[in-house]
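Here's the structure, in structure tokens; my notes come after.
Coordinate-derived values only; no laboratory data. Here the structure is a predicted model, which is why all the values come from computation and not from measurement. Every residue, glycine as well, gets a Cβ built from its backbone with ideal geometry; the counts of neighbours run over all protein chains shown.
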Ligand SMILES: [Zn+2]
């Protein structure tokens, strides 16, 4: 639970940081993507990476059987169904 909260907080802070960078230099996100694409990954690290596959629901690229967007849609639907308005 603590690890999940920590990862969520780090993810939120990272997004906020990137948004701040984009205010200073609009190409920041593209620069970050380019840097990531040029990183070299060792063969042992590459072997541990998840396989690229298609989401079972929408067909979009995902590393899991169902992509995060579809998981969020299902959870949002369940949340709305449980709301008592
Ligand atoms: Zn999907």
In degrees rounded to 10, the 0-90 angle between helix 28-38 Cα long axis and the longest Cα principal axis of the chain is 70 degrees
Nearest 10 degrees, 0 to 90: what angle lies between the long axis of helix 68-82 and the longest principal axis of the chain (Cα atoms)?
30 degrees
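Only helical DSSP H runs with n ≥ 4 go in: add -39500 (n - 2.57) per run for the chain, normalise by residue count and round the 222 nm mean residue ellipticity to 500 deg cm²/dmol.
-21000 deg cm²/dmol
Is the shape of the chain rounded, prolate or oblate, going by the alpha carbon gyration tensor and its root eigenvalues a ≥ b ≥ c, with a/c under 1.5 for rounded and a/b larger than b/c for prolate?
Numbers: a/c = 1.93, a/b = 1.28, b/c = 1.51.
Because a/c hits 1.5 or more and a/b fails to exceed b/c, the chain counts as oblate.
Got a sec? How would 79, 2 order by Cβ neighbour count within 10 Å, fewest to most?
2, 79
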For the chain the mean separation of alpha carbon contacts under 8 Å (6+ apart) over residue count, i.e. relative contact order in percent, is 11 percent
Here the gain from full extension of residue 14 to residue 56, 0.36 nm per residue of separation minus their alpha-carbon distance, amounts to 12.2 nm
